[in-house]
Structure formats: structure tokens, C-alpha cells
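The values are calculated or read from the model by the stated rules, or taken from the named source; none is laboratory data. Nothing here was measured: the structure is a model prediction, and the numbers come from that model. Positions of Cβ are generated from backbone atoms using ideal geometry, with glycine treated the same way; all protein chains shown enter the neighbour counts.
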Number of protein chains: 4
Amino acid sequence: MTREPLGVAVIGYSFMGKAHSNAWRNVRAFYPGVPAVRQQVLVGRDEAAVKEAASHYGWAESATDWRSVIERDDVDVVDVCTPGDSHAEITLAALAAGKHVLVEKPLSNTVAESEAMLAAAREAEARGVRAMIGFNYRRVPALALTRQLIADGRIGAVRQVRAAYLQDWLADADAPMTWRLRKEQAGSGVLGDLGSHVVDQLHYLLGDPVVAASGHLRTFVPERTGPQGREPVTVDDAAWATLETGSGVVASVEVSRMATGRKNGLTLEVYGDRGSVAFDLERLNELMVLDRPDDVAAGARRVLVTETDHPWLSAWWPPGHVLGWDHTFTSQAADFLTAIAEGTSPQPSFADGLAVQRVLAAIEQSAGDDGRRVAVREGA
Amino acid sequence: MTREPLGVAVIGYSFMGKAHSNAWRNVRAFYPGVPAVRQQVLVGRDEAAVKEAASHYGWAESATDWRSVIERDDVDVVDVCTPGDSHAEITLAALAAGKHVLVEKPLSNTVAESEAMLAAAREAEARGVRAMIGFNYRRVPALALTRQLIADGRIGAVRQVRAAYLQDWLADADAPMTWRLRKEQAGSGVLGDLGSHVVDQLHYLLGDPVVAASGHLRTFVPERTGPQGREPVTVDDAAWATLETGSGVVASVEVSRMATGRKNGLTLEVYGDRGSVAFDLERLNELMVLDRPDDVAAGARRVLVTETDHPWLSAWWPPGHVLGWDHTFTSQAADFLTAIAEGTSPQPSFADGLAVQRVLAAIEQSAGDDGRRVAVREGA
Amino acid sequence: MTREPLGVAVIGYSFMGKAHSNAWRNVRAFYPGVPAVRQQVLVGRDEAAVKEAASHYGWAESATDWRSVIERDDVDVVDVCTPGDSHAEITLAALAAGKHVLVEKPLSNTVAESEAMLAAAREAEARGVRAMIGFNYRRVPALALTRQLIADGRIGAVRQVRAAYLQDWLADADAPMTWRLRKEQAGSGVLGDLGSHVVDQLHYLLGDPVVAASGHLRTFVPERTGPQGREPVTVDDAAWATLETGSGVVASVEVSRMATGRKNGLTLEVYGDRGSVAFDLERLNELMVLDRPDDVAAGARRVLVTETDHPWLSAWWPPGHVLGWDHTFTSQAADFLTAIAEGTSPQPSFADGLAVQRVLAAIEQSAGDDGRRVAVREGA
Amino acid sequence: MTREPLGVAVIGYSFMGKAHSNAWRNVRAFYPGVPAVRQQVLVGRDEAAVKEAASHYGWAESATDWRSVIERDDVDVVDVCTPGDSHAEITLAALAAGKHVLVEKPLSNTVAESEAMLAAAREAEARGVRAMIGFNYRRVPALALTRQLIADGRIGAVRQVRAAYLQDWLADADAPMTWRLRKEQAGSGVLGDLGSHVVDQLHYLLGDPVVAASGHLRTFVPERTGPQGREPVTVDDAAWATLETGSGVVASVEVSRMATGRKNGLTLEVYGDRGSVAFDLERLNELMVLDRPDDVAAGARRVLVTETDHPWLSAWWPPGHVLGWDHTFTSQAADFLTAIAEGTSPQPSFADGLAVQRVLAAIEQSAGDDGRRVAVREGA
């Protein structure tokens, strides 16, 4: 039923645009069962730059006007890789035009926009149009294996999660001012940028929504110098939260851009009553797994998650031949294409994206009230 | 001036009594410069049991009445290893009797008692009597090295600390009820037991008091079965806190007895603006140190803290010959004896012990108010 | 001067053909400065299978006769990914036809063939035709950084190297017989397969040829069952060697397909008189580096080799976004294209490939003489 | 039957004398079931120095003449901690005097002396006199657990062992000349010093004697400067061997005093057909264990060997409270005392010590013949 090859347009050509382009270029080489795709058009505001990027990244064309692109008959999939403040507008228009939409996280910069997007996605789904949010770490094989092990009861009932996402690119107080540090443009600081990944993983791994949050925010370097001179930093450099899920799991969360020495340290420790799991994104191919705690040789196993029976791995290389960060986007694209072909709902959904934002909003609200616990807003 | 050998009495002969006995038995073998000691008397309530322990642990005598022991002329040092609820009474009496006193942590079970103990210690100090609290982890060479590296500016200005102390001996919901899980006897749960070590390390490493706290407590297994049948657990199984120091450092703390797979996992990560340090008590002889973050080969170094220029190490074995947990008590005893001999104030002091308790009290208070930030009580 | 885009043909479409196809498909997306390439034709013996692979892997065409392909005017580069026994024939023909040639390791199955290939490559080079052997691990950023650190004197004068390459896919004695375990087809066992990578790394990292070898071979499972029933295994399952370089470095080498639990464990430890470096391919993005051994906080640093000033990394993702095994082939293709464009000699050369084979031959010869040391044959 | 307390004399008071004194001082505190001991006399040549050491280490007396000491009626146990060249003389005399003898490794400096010692020990055993050699690493709990796991079949049939013992105290070419680097005094270099531990562990863990050896020796720094000026180094700085056991296991061994960054790196990797075990003495309390290789979450477990069901651990501290290097000597003393009390043969025996020396002799002989394999001499 799906017309093949599916024409794809990516809106945005910088960091995320490069990563998504890579996924579309390679998806069929590793997942030959998915619908064929045609890298039709890469969209950006700088005509010369996007043209050059399109040429290198394998796109047939480039364009500067996303509005006309999403109307094109030869475009079936719109992949939104722009900054968060334009996600809602592009997505709503693309869904209205009947295009399948993949949106990079965050779903949008505000809960209100995200609610509108979810409503639009639900309406579109009734017409057979698919929508998905790009939390790419759901396609880290070690994390998918974690979810599977938890679901299989290998670590028993989960009680505590200790989570962090630590980077250090702002540790130097002389690092320059950028738009990412202005609240009006970036929406939020590290909480939205990295905290969103952490909260989505909690939801993904546990299948259990966060219902209450207590949080604190901190801007360690309150002013930085940019092209316009000295300027206030209006977003958080670091954030801390204690979260509680519907079933009573407690999760501690710490996110920072000031953790000198940590480059991309998304770390998760999940403690159940019969075992535990630990993960560090800097060691993306590994998972520490403890079960059978009563064995004389009990301990946390370092699992190299590169076996053919691990999630997505049969698509790639023989055991021990490790994957990189970008492979997660390729697997994400494959799963999205499969959902389109099979007429199923791709995961994570816009509802998942909205759920994350509501948790982040509760953390911010709590931080504004000296850390007092706040209930996360529920409902569709 | 010090009469040698100093006669020592240890009050208590179970876990801590065994560890402290080991320290007194060995201190001169490794620290020949300290005053000689005589293991005079081990005190306990069960006459037969304490007699047998005294025989094995190298004591000349055993006794059951601590009151008469602290009055003896041949006892110069009283080492209090009983449960926390008797610390104040024994310590006050021993100081009044002119004995030098070492008290196992916690200083006592209540802030009020600890305040009285601090007052007594100050009064005694004027008479040349020394008092010290036994936070033995201050004598972990790797942690003393951490303090030294921070003080030397090797990691720059500290901004964040991520700390935890995780054990798992209560992870099994069928583990039996004990007195440690009754608030009236134990005072508190994991917060007091393990959280106290964490807070003392913050103070020790940073030299910067915690001034505000936001916290949460949780009892995951609210009832357990003991000899008297099913009983409520009235202390916390796990605790979380976000702390702030006087100079603005933010420290996250997580402590638990339910973290399956962690046996004695006191972990500390200290992030400065030019480097970071990480420690795990399960790898007591190691320290991860990152400095010079701009080097092409920057990264966290695994330092094996067994070199002769590392704290206390020249007393022990050649490089690479690792120490164990119990060696910290021997070094602690050596430092206490040195302070007695030199007429200086041993560290950590009762004031340090009280400071820790006030932070823990603030965490508990905050937990009772849904996590709202609480100022830590200050002053002598 | 180079005609662009360069037409590429890959001969072979299984494991290595897939990895090389991936490199050609992606090279310009990450290395926009290299000559443009056209994925012209993928060659294999099974017409239907190679056609399907070509379609998925991004090739314009497929073919079954490599001889006609290497004569085509629209083919400029021939990339030989067949088993080792056909490397010589294809390579000699392609060089004679004036095509640039990239050959997967090993250069060939015999020293004699490799000598002929080297002679042909030298003759072709005079005509501006480039030849390269595909030891892809030379493009692991951490290993290139190792070479650079050694060359910069960061670890002082090298004395010892401890190397291993351990896998476990034959650990199960019931694993089936395959052509790889027949000497007449495979040439050798683990020594040629994995030992070749180790020896090439020694040459690459040290810039110092192995001149003497002492070795031992072992076949732990002497018979296995295949489609034709029970059969003898005629190659080695594991090999050990003690090697000496021209400058007196001693390297120990252990390779095995029976090391249960090791999936792709190429480990290298290089000890100099002022430092050391350690690497494990299962943690491809990391390097352990020790220098300044007299520092109070000396120790092996875990360097996450993902910084923009690390080899090849500026082409890829931001710091902390790790690479996978396949990225090494893309960087290898980029370097090969750069050499073609710039008219320089790509590295590693056929001479490098021959040098490796001569060392392996010396190890085998020594193993046949009870381990007695053998001089490695020298000269062009 | 055993007269208690047993009077102990230690001959030698430097590094090993200190470690053994520590064991005798503490053994009953942790192993209350063993016979009581009296630290009677510490023996050394320097009267003042040994007197001071005796005082610090808890000995009742000191002495300078070992001959008279071993004749004393109040001495029941003689513990030989002198350099290897006097082991035979002291041991033979002590056994003749009817004393139980513990000898630090190596048994002696020559195979001939060791053979005489074994004969004397066997003769003495008939009279109820016990003799033991002090390979203290047999009392590392993690290594004893390794032996147990292998014996229980947890890793299947062993095929390969990869072993090393790496230190770096001679890495600096300016490190001074010492008697340890003169063959006439030291007997051998690193091969005897560290290689002996490795070979004993092979025998201990596998229960399978080494029967053939191929080896190489190297002195990287052939001259050093000492108090007498520039002198040749006449022993090996590093050694390599490939060993084969009676049942066909192949073990590679590398030992060095030049491995910059390794302080006390005894590392052992044992590969069986169903699992593997890895150990590093610098992490004495840990063991990496892999079994059940077909599990979806297979991997090497980090076992913290501090549980009460681990070897010797019930004598010490609660789980997670790690031991140090010196605790192995205390457990060794306990086992020796138990054997005395129970009238059994303590392990490792003099036969075990001799077996190690014969393997080392075979390695040296092979090294003198360019690495050609040599059979290890057998028989009593």
C-alpha cells in the first residue's frame, strides 16, 4: 500500500540534520526490509550552505522554504530537525498536508504547543498519517535490552533509579555566550536539553509515568561574553530532581553542562529487588547487569551488547564489532518506516514527548518553590 | 609529658569494638612514633562474651561496668563503640573523669545531646583532655589525597558534588526485622547511618559547611518479620538530598540500603571548573583524577593511592600493596595519639560531628515538608 | 587532475563488502574535501544475491565477472574484498588496467604472491596508480592518537608491548566446521586472521619493524563436524609469539578464537620508560594513557577519544558522541581518496602488508621448531 | 595435643618480617579457633634495629643468632623471612630441631637446595613436624574463589591462561643498583621474584603441573649506578614464557619490573570452554567471572569477594568492607596453625615450592637456547 520509494524531506541541516541525513542515507543498507526511501530534499535558510550540505549528505535537492516543500507530492515524510521553537508550526502544517512526521526532541518549547501537536497527530493518525518523536536513545541497543530485562523480571521489582546526564562544554567560565543560553530562544537550559532524555528513558525503561517532581536549578556562570559583549545567562547550567512514578519508584536526576571531564555521560542505574542494571552512554555498547544476587559469584556483568540476539544488532556487524552514536538514528528511521509500512503507531509517540515536557515543567515549577514537591499534570 | 604507655579502654565489643581493637593492637607497629599504648580493658554487657572477645583481641582485661572503668587510674583513653543512644552519657562521664575520648560516629542520636557533648569537650580541652569523633573514612588515603588536590587547586573551583552511599543488605523484603529498623532505638535509618559519612566527607573535602538542605525519605518495605512477628519499619530505607554549601557548591546525595548489588558503595564525584575527582569505597585504594582538561590526552586518571608520598602510606607497605577497610581505624588511632602527645586538637572534632547532625536534621525536616529547602542551624 | 566523481567497484559483497560499501556510501558526507565518488558496481559470484546487495548498499549496478569490471572506463578504483586466495590475481589485473586498488588484509595468502603484488604496486605507482592495503584499525582514532603520543615522546622510549587479540566464536567445541578451518582454503587460522592486525599495529605504533620471532600454535579442537561430517581442523585455534623489533622492543602476542567471553578483544599495552598506553578494541573510543609517572596523582587516564583535535574526529560528531567499528572504513576510504587526489602514497602500503606476512611466516616457522627464535626475512 | 600457646620465632625483620609479624600479632583476633600463639622472638643481624622492630611489632624479645633461637624450648614455630640464600640452612636446622617451619617464597635459591629441603620436610612430617612455603597469594580470597569455581566446573574445561606480573620500580634507568640486581646474591631477577608467584598460581588454580616451558629473558638496563659506582645488572628485568601443563593447557606468562604505571599488577585470565575468570592483584577484592556464555545478558561479572560465603571472609568484616594485601598473611598463618593443630599437611608444601623452581629453571634453560621448548624435570 505504501508507495515506494518514500520521498523524504529533512528540515534543518546542522548537527541534527547531519545525523538524520546519515540515517536516511543508510537505513536500507542495514534494514533491507523497510520501504525504500528517496532522499528528496534538504531544507535550510542559508541557500548556499544547505545546497552544499545536501550535495554531501546525499540529497537530490535543497530548498529554503519548508512550506512549499511539505506540500510537494514527491515528499511523503517530513523530518523536523530545526530548533524547538519552530517544531509546532512545521509539524502542524506537515500533518495537515498528510505527511508522516518525525520530530527531533523536544516535541516543542512549550507544553501548550505540544498539546496541540498531540491533538493534530491523533487526528492525522485516523487518516493513516504517522507521527513520531526522535528520542534516539531509545534505539541504543543496551537501553532496549535494559527495558527487556526489566520487563522479563530479571532484576525484580524496581525501586530506585539513579540517573544523570553530565557534559562539560560550559565548565569553562570563558566559554562564549550563545543563543542556547538565552531563555527566549532556547526555552530552557540543560534541563530541557539533557533532562528530557533522562525523563524519556525513565518512562521507556519502566513503563511507568513520573507523577511527582521536586527540583532545583542553578546557573553557575550567570554572565558570559558573546559577539554582543557581556550578557546574562538566562537558563540553567545544572539541574537536580527527585521524581516519583505512579507505582512508587523514586528516581534521582542530575543534569549538568559543567561536569568537567564528562563528555556525554548519560548514566542510568536501575535497582530492583532482585538485581540491577547500569548504563553509561560514553560506553554505548555496554551494559552492566546484576541478577541472581545470591550466587557465590554474584556481581554486575559487563555485557557487550553486540550479539545478534540483542536489539537491532542482527542488522549490523558480527559480535564484538561495536556501534557508534549515529547508528541509533538509523535504527530509529528503520522503525519509523516499518510503522508506516505496517500501519502501526511508531514509538515514541507525541504523547510520550508531551509527557516528558510535563515532567520538566513540574521540575521547573518546584524549583521556583524552593524544591517543594509538585504533581505532574496528567491526561491527554 | 604524656605518661606512656597510655592505657586504653574500649566500650563495646561487637563490629566497631572489633575494628577499634584491631587499631589499638596494631597502631605502634605501623606508627612507631606515636605514644605507646596498653590494651587495658574491653567493656561489654555480656560478661562471658566480652571476656572471650578481650582474649582474642589482645586486651589485658574485660569488664562489664563502663562507669568503674572510666574512673580507673590505669585508663587514659576511652574509646566509645556502643550504639549511639549511650554515646552522650559515656562521653560526658569520661571527659569529666579527665580521659581522652574517641567516639564512634554518630556523635549521638540527638542534636541536643551532641551540643552538650561539644560543650563538655571544649571545657575538657582547656584542661588538656582531647576529644575526637571517629569518621574513619577521613583516613582513607584516597580521600585525604582528594582533599589535598582540591586544596591545591588541582581541579579549580568546586561547583558540584555528586555523592551516594549505597548498600543492599535490606534489598530482600524477607530480610528480618532488627532493632536498627526501629526509630526509638536506632534514631534514624540509612540517613543517619550512611548519610552521616557522606555529609562529613563534604565538609572534610570542601572545607565548606552545608547551609541548606532539601530532602526526601522513603521506606520501601514498611513491614518486616522479626522474632516478635510482623512489625512496622519506622526508619527510612533510602534518602535523597540536594545540599548547598556556604560558598555555593551544590551537592546531591543519595543513600540506600536497597541498592541491589552495591555492597559498600560510598561514591563521590567532585566537579571543579578545571578538573574533577571520583572515588568509590569499594575500590578504596583508587582515585580517579582529572585535571588539565585541555590536554590532547585529557581524561580521568586511575591513581592507585599506595605510593609513599600519599597520605599515611609511608607507614604501610611498598607501592601497589593495597590497604583494606580496617587500616583506616589504625591511622585514625595514630592521629588521635599524636594529637594527645602534641597537645593539639584531633580532627574530626565534636564540632564536626555536630555539624553533620544538624545537616541530617535539616534533611529530615525538609522531607517532612515535601522537600522544601531548609536552612541548616548554625552556631556553636 | 583527478576525474570526478571517481567510479568505484567493490569485488565481494559479504562481510567486508558490506563494510566497504558503507564506507564508499558515506565518505563524502563526512569528508567533503575528498574527491567525489560514484558507487558504480558491486561484484559477486551469485548473480541474484549480489544484485540484491547492490540495491541495498547503494550501488548503481552489480556484476558477476570481476575481469570485465576492472576493464571498464567508468571504474577508477577497485576495492578487493574477496577471500585472500584471490587477492593477488585480481589486484595484479586491476593495477595492470591502471586502476587504483584497495585490498582488504591480508595482502594475499602467501609471501610469494604478496611479493609479486608489491612489485606490481611499485611499478604502477610510477604511472600514478595508487595501491593500499586495508588494515582498518589504523583508522581507529585511539590508535592513531597512540602513535602520535609515542612519536611525541609522551611515554618515553618504548621497551615492551603486551598485545593480544582474543575472540571466542570457536570456544564451543560443537561449533560447526567451516572453510575457515581448512588450511588449503584459509591459508592459516587465527594467526593470519587476527595476528596480522596485531603485527601491523606494532609496526604502525612503533615505526619499528619486527626482526625476530619465537612462536607456538595450538589447535584445541582438532576435529569438528560440518555438512560433510566429521573433519580435521587443519589451522591453529590459538597462537603465541614473542617478537623483537629492530630497536630492541620486545612484544608478546597472544591470539585466540577460544577465549570465552572476549568478543573482539584486540588489546595493546605499550610500556615506555616514562609512561604507558593501553587500548581495548571492545572500547574503541577509549585510550588509557599514563605519563608524568612522578606526579602525586599519577595514573592511567581514560581518554575518551572523541575530541575535535583527535585524529579524524573533526569530521564526525561533537565530543562524547562515540564512533563505531564501521567508521574506521569510512576514514580509510577518505585517506585513500586523498592520496589519489594529492598524488601521494597511501598508507598502509603493500610493503606494510608484506612485512606483516613475513613476521607471521617467521612465527609459523618457529612454531615448527619448538619455539626457537627465527629471524624475519627482510628486504624489498 | 598441641601445647598452647605456641611460641613463634620470626627470622628476618624487614619487609617480609614486618608482614609476618603482623600476621602473628593478629591471627587469633580473626581466627579464634586456631591455637594460641606467643610472639616470642624476632631475629635479625643488626641488634639495635631488630630490638626496636621487635618492640613495635609486638615481640617479647629480639635476638641476633638464629641458631640458638631455633634450639629454644619456648619456640615451637620458626618462620623464615630472610633472603633466599639462607632459607635452606635455617630450615634444615629448624626441622632437625623439631620446629614447625614456615618459609617465605622462594623455597631457596637453587633446585638442589630445595630438593634437600623437601626431603627434610618429608622426614620431619613423619615425626609430626609441619613445613609450609609462604606463597601468600594463595590466601587472596578472590584467587581461592577462582580455584573453587574452576574445580566446580563453572567455566568448563580450561584451555588457556594469560598471566602477567608487572611492576615498574626499575622503569627509571636512573634507579640505583641494588643487591637484588646481582645474580650471585639474588639468584635471579624478576623471573624468580614475580614469576614464582605466577607459576604457583597456575599450579594452585588448575591443579595441573606445568610440564614444558619456552622462555625469553631481557635486561633492558644493563648497567646501573650504586654506592660502588657503575655496575653491570646481572639478572633479568623482564621475562616471557609459554608454558604447557600436563593436561594440555597453554599459559602465557609475562613478568617485568619495567612496566611503567603497573605497581603490583599480577593479572590472571583463565579461559575455559564454558566461561572465564580474570583477576588483578591491584584490585585484590574483585574477581571477574563469566559463565553461562549463551545468556542474552552474558558478560564478565565483577564479583566483590567480600561475602561471608567467600574463602576466609567470615573471619573478617561485613560484606563490602575490603581487605588489604597484608590480610593474606594472617589467613596463611591461621591455616598453618590449623594444620599444626589438626596434624594435617599445610598447603602449599615444600613440594609445591620445588615444583615452581623447576618450572623457572626450565624457562631459564629455554631462554639460553633461543626459546626452544624444554621439558620440566619431574619426580620427587
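Out of all the residues in the range B:129-142, is one or more assigned to a strand (DSSP E or B), of a type in the set (V, I, T) and touching a Pro at 6+ places or on another chain (Cβ under 8 Å)? Please lay out each step first, then the result.
From the range B:129-142, those assigned to a strand (DSSP E or B) are B:131-134; that's our starting set.
Right, trim to of a type in the set (V, I, T) and you get B:133.
Within this subset, residues satisfying the condition of being touching a Pro at 6+ places or on another chain (Cβ under 8 Å) are B:133.
Checked against the condition, which is being assigned to a strand (DSSP E or B), of a type in the set (V, I, T) and touching a Pro at 6+ places or on another chain (Cβ under 8 Å), the range B:129-142 yields at least one hit.
Cβ-Cβ under 6 Å, sequence separation 6+ or interchain: first residue in the range C:224-249 and under 26 Å from D:T242 (Cα atoms) and away from every other protein chain (no Cβ under 11 Å), partner assigned to a loop (DSSP other than H, G, I, E, B) and of a type in the set (D, E). Which pairs?
Listed by first residue and then by second, the contacts come to C:T245/C:D208; C:G246/C:D208; C:S247/C:D208.
Name every residue in the range D:319-337 that is assigned to a helix (DSSP H, G or I) and either within 14 Å of another protein chain (Cβ to nearest Cβ) or among the polar types (S, T, N, Q) (or both), in order of residue number.
To start, the set of residues in the range D:319-337 that are assigned to a helix (DSSP H, G or I) comprises D:327-337.
D:H327, D:T328, D:F329, D:T330, D:S331, D:Q332, D:A334, D:L337, listed by residue number.
Residues in the range C:67-81: is at least one assigned to a helix (DSSP H, G or I) and closer than 25 Å to C:D335 by Cβ? Walk me through it before giving the result.
Step one: filter the range C:67-81 for residues assigned to a helix (DSSP H, G or I), giving C:67-69.
Now narrow it down to the ones that are closer than 25 Å to C:D335 by Cβ: C:69.
Yes, the range C:67-81 has at least one match.
Please determine, by comparing only the residues of the range A:261-318 that are of a type in the set (V, I, T) and within 13 Å of chain C (Cβ to nearest Cβ), which one is surrounded by the most Cβ atoms within 10 Å (Cβ to Cβ). Break it down into steps so the answer makes sense when it comes.
Looking only at the range A:261-318, we keep the residues that are of a type in the set (V, I, T), and these are A:267, A:270, A:277, A:289, A:296, A:303, A:305-306, A:308.
Adding the requirement that they be within 13 Å of chain C (Cβ to nearest Cβ) leaves A:267, A:303, A:305-306, A:308.
Working: A:T267: 19, A:V303: 25, A:V305: 28, A:T306: 24, A:T308: 11.
Across the range A:261-318, the extreme among qualifying residues is A:V305.
Among the residues of the range A:63-83, is any free of Cβ contacts under 8 Å to residues at least 12 places away in the same chain, within 14 Å of chain C (Cβ to nearest Cβ) and more than 30 Å from A:Q201 (Cα to Cα)? Reasoning before the result, please.
Residues of the range A:63-83 free of Cβ contacts under 8 Å to residues at least 12 places away in the same chain: A:68, A:73.
Now restrict to residues that are within 14 Å of chain C (Cβ to nearest Cβ): none.
Scanning the range A:63-83, I find no residue that is free of Cβ contacts under 8 Å to residues at least 12 places away in the same chain, within 14 Å of chain C (Cβ to nearest Cβ) and more than 30 Å from A:Q201 (Cα to Cα), so the answer is no.
Among the residues of the range B:7-14, is any part of a loop (DSSP other than H, G, I, E, B), touching a residue at least 60 places away in the same chain (Cβ under 8 Å) and over 22 Å from B:V103 (Cβ atoms)?
Checked against the condition, which is being part of a loop (DSSP other than H, G, I, E, B), touching a residue at least 60 places away in the same chain (Cβ under 8 Å) and over 22 Å from B:V103 (Cβ atoms), the range B:7-14 yields no hits at all.
Take the range C:231-265 and flag every residue that is over 26 Å from C:A298 (Cβ atoms), of a type in the set (A, V, I, L, M, F, W, C) and not in a loop (DSSP other than H, G, I, E, B).
If the condition is that a residue be over 26 Å from C:A298 (Cβ atoms), of a type in the set (A, V, I, L, M, F, W, C) and not in a loop (DSSP other than H, G, I, E, B), then C:A238, C:A239, C:W240, C:A241, C:L243, C:V253, C:V255 are the ones that fit.
Is it true that some residue in the range B:338-347 is within 11 Å of chain D (Cβ to nearest Cβ) and more than 22 Å from B:I150 (Cβ to Cβ)?
No, there is no match, as no residue in the range B:338-347 is within 11 Å of chain D (Cβ to nearest Cβ) and more than 22 Å from B:I150 (Cβ to Cβ).
Can you pull out the residues in the range B:361-372 that are touching a helix residue (DSSP H, G or I) at 6+ places or on another chain (Cβ under 6 Å) and buried (at least 22 other Cβ atoms within 10 Å of the Cβ)?
none
Tell me which residues, restricted to the range B:150-170, are at the interface with another protein chain (Cβ under 10 Å from one of its Cβ atoms), under 20 Å from A:L166 (Cβ atoms) and not in a strand (DSSP E or B).
B:R154, B:I155, B:G156, B:A157
Being surrounded by fewer than 18 Cβ atoms within 10 Å (Cβ to Cβ), of a type in the set (S, T, N, Q) and closer than 27 Å to C:Y57 by Cα narrows it down to one of A:S62, A:S55, A:S68, so name that one. So that I can check it myself, show each step before the final result.
Details: A:S62 fails: surrounded by fewer than 18 Cβ atoms within 10 Å (Cβ to Cβ); A:S68 fails: closer than 27 Å to C:Y57 by Cα.
Every option except A:S55 fails the conditions.
Would you mind telling me which numbered condition in (1) within 11 Å of another protein chain (Cβ to nearest Cβ); (2) surrounded by fewer than 20 Cβ atoms within 10 Å (Cβ to Cβ) D:V255 fails?
(2)
Considering only residues of the range C:319-331 that are of a type in the set (V, I, T) and under 18 Å from C:L287 (Cα atoms), which is surrounded by the most Cβ atoms within 10 Å (Cβ to Cβ)?
In the first step, residues of the range C:319-331 are kept if they are of a type in the set (V, I, T); the result is C:322, C:328, C:330.
Subsequent filtering for residues that are under 18 Å from C:L287 (Cα atoms) retains C:322, C:328.
On the way: C:V322: 27, C:T328: 24.
Selected residue: C:V322.
Picking from D:V34, D:V50, which residue would you name as being aliphatic (A, V, I, L, M), more than 8 Å from chain B (Cβ to nearest Cβ) and part of a helix (DSSP H, G or I)? Can you show your working first?
Values: D:V34 fails: part of a helix (DSSP H, G or I).
Exactly one of D:V34, D:V50 is aliphatic (A, V, I, L, M), more than 8 Å from chain B (Cβ to nearest Cβ) and part of a helix (DSSP H, G or I), namely D:V50.
Would it be correct to say that B:A9 is crowded, with 22+ Cβ neighbours inside 10 Å, closer than 23 Å to D:V322 by Cα, among the aliphatic types (A, V, I, L, M) and over 19 Å from the mean Cα position of the chain (by Cα)?
Details: crowded, with 22+ Cβ neighbours inside 10 Å: yes; closer than 23 Å to D:V322 by Cα: no; among the aliphatic types (A, V, I, L, M): yes; over 19 Å from the mean Cα position of the chain (by Cα): yes.
When the stated conditions are applied, B:A9 does not pass them.
With the checklist (1) within 20 Å of the chain's Cα centre (by Cα); (2) crowded, with 23+ Cβ neighbours inside 10 Å in hand, flag the one item C:G44 doesn't pass.
Here C:G44 clears every test but (1).
Which of the numbered conditions does C:A96 fail, given that it passes all the others? Conditions: (1) of a type in the set (A, V, I, L, M); (2) within 14 Å of another protein chain (Cβ to nearest Cβ); (3) surrounded by fewer than 21 Cβ atoms within 10 Å (Cβ to Cβ).
Just one mismatch for C:A96, condition (2).
Does the range C:348-358 contain any residue that is over 30 Å from C:E378 (Cβ atoms) and either touching a Pro at 6+ places or on another chain (Cβ under 6 Å) or in contact (Cβ under 8 Å) with a residue 12 or more places away in the chain (or both)? If you could, list the steps in order and put the result at the bottom.
Within the range C:348-358, the first condition is being over 30 Å from C:E378 (Cβ atoms), and the residues that meet it are none.
Scanning the range C:348-358 turns up no residue that is over 30 Å from C:E378 (Cβ atoms) and either touching a Pro at 6+ places or on another chain (Cβ under 6 Å) or in contact (Cβ under 8 Å) with a residue 12 or more places away in the chain (or both).
Could you please let me know if D:H20 is at pLDDT 95 or above and either under 27 Å from D:L118 (Cβ atoms) or assigned to a loop (DSSP other than H, G, I, E, B) (or both)? Working first, answer last.
Numbers: at pLDDT 95 or above: yes; either under 27 Å from D:L118 (Cβ atoms) or assigned to a loop (DSSP other than H, G, I, E, B) (or both): yes.
Against the criterion (at pLDDT 95 or above and either under 27 Å from D:L118 (Cβ atoms) or assigned to a loop (DSSP other than H, G, I, E, B) (or both)), D:H20 qualifies.
State all residues of the range A:197-230 that are part of a strand (DSSP E or B) and either among the β-branched types (V, I, T) or not assigned by TED's automatic domain parsing to the domain that holds A:R154 (or both); if no residue qualifies, say none. First the steps, then the outcome.
Narrowing the range A:197-230 to residues part of a strand (DSSP E or B): A:210-218, A:223-226, A:229-230.
Once the filter is applied, which keeps residues that are part of a strand (DSSP E or B) and either among the β-branched types (V, I, T) or not assigned by TED's automatic domain parsing to the domain that holds A:R154 (or both), the range A:197-230 yields A:V210, A:V211, A:T225.
Determine, yes or no, whether A:S214 is in contact with an Asp or Glu (Cβ under 6 Å, 6 or more places away or on another chain), closer than 29 Å to B:S214 by Cα, crowded, with 20+ Cβ neighbours inside 10 Å and modelled with pLDDT of 95 or more.
Values: in contact with an Asp or Glu (Cβ under 6 Å, 6 or more places away or on another chain): no; closer than 29 Å to B:S214 by Cα: yes; crowded, with 20+ Cβ neighbours inside 10 Å: yes; modelled with pLDDT of 95 or more: yes.
So A:S214 fails the test.
Hey, any hits in the range D:129-152 for a residue that's in contact with a Gly (Cβ under 7 Å, 6 or more places away or on another chain), surrounded by 23 or more Cβ atoms within 10 Å (Cβ to Cβ), at pLDDT 95 or above and within 21 Å of D:S247 (Cβ to Cβ)?
no
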